[in-house]
Amino acid sequence: MDLDFKCSDLEAWNEALSSYESRIESLNKPDLVSLDQFYRVKLPSLLHDRDPNPYLTTSELSQLMKWKLSRGKWRPRLLDFVSSLEDSVVKSASEKAFKSLPDISKAVKELTVLKGVGPATASAVLAAYAPDIAPFMSDEAMEVALGNSMDYSLKQYLLFVSKLQEKSKELKLKGEWDGPSDIERALWSCTVRSTKSQPEKSSSGKKRKR
């Protein structure tokens, strides 16, 4: 099922969201199912257990990066970068980022000081802790919501957040809906179904952190 971002049918959005786990499984990628469970279930729990001063460890950031790259395009250099970061540096940056919420712009800037972490990876970190505020900046959802998945700037992410938050509010008026992160997953689910059979293109030579 293709899902138009302008669609206001709650049932259609719920159908797309409910297909998320089966789409994850359909990709048949090593460890993606377990990585997705880590990202959506275990990591949020770990972060909130650390309230009121939540933080991320280097090991957790590495797992998050594995999830992000497995669910999207594989860029091994990014994993190498974040895995080599000192734990104290990751903890400090992530703690500052979480404390910055709901100021998403400031939170992203606190995280992108880390080598290998661009706005897209920062969005995944924030979405793990506050899915009701900051959705993950996936290529698939960006393409549907904005018509462009290649601009990984903070400005583009903030526009993406605004669009998904507005759509989330619209759906909440029609019935039960959690937040913008579910919008992202619904859009990803619909898009990946139509592209999963296509061979994955190799990444370009440009080393741009996401």
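The values are calculated or read from the model by the stated rules, or taken from the named source; none is laboratory data. Every value quoted in this text rests on a predicted model; they were computed, and no experiment measured them. Cβ: placed from backbone, ideal geometry, glycine included. Neighbour counts: every protein chain shown. Heads up: the accessible areas ignore ligands, DNA and RNA and are worked out on the full protein's heavy atoms, side chains in. Shrake-Rupley method; radii C 1.70, N 1.55, O 1.52, S 1.80 Å.
Counted residue by residue at 0.36 nm each, then reduced by the alpha carbon distance between them, the extension gain from Ser92 to Lys6 reaches 27.0 nm. Remark on segment 1-109: hydrodynamic radius 16.0 angstrom, per the Kirkwood mean of 1/r across alpha carbon pairs. Each of Thr191, Ala130, Tyr157 was scored by the projection of its Cα onto the charge dipole of the chain, and the greatest displacement toward the positive side belongs to Tyr157; charges sit on the C-beta of Lys, Arg, Asp and Glu. Between the listed residues Val108, Val89, Tyr39, the Cα displaced farthest toward the positive end of the dipole of the chain, a dipole computed from Cβ unit charges relative to the Cα centre, is found at Val89. The residues of segment 10-191 present an accessible area of 43 Å² per residue when probed at 1.4 Å with all protein chains retained. Its DSSP H runs of at least 4 residues, each contributing -39,500 (n - 2.57), put the calculated 222 nm mean residue ellipticity of the chain at -18000 deg cm²/dmol, to the nearest 500.
Using the Cβ-Cβ distance between Asp103 and Leu173 with R0 = 25 Å, the FRET efficiency computed as 1/(1 + (r/R0)^6) comes to roughly 0.45. Solvent-accessible area assigned to carbon and sulfur over segment 57-166 amounts to 53 percent, based on a 1.4 Å probe. Springs join every pair of Cα atoms under 10 Å in this Gaussian network model of the chain, and among Glu86, Glu110, Glu95 the largest mean-square fluctuation is at Glu86. Counting charges near Glu170 (Lys, Arg +1; Asp, Glu -1) among other residues having Cβ under 12 Å from its Cβ returns a value of +4. Note that segment 47-165 shows a convex hull volume over its alpha carbon atoms of 90 Å³ per residue. Relative to the compact-globule estimate of 2.2 N^0.38 Å, the Cα radius of gyration of segment 24-70 comes out at 1.23.
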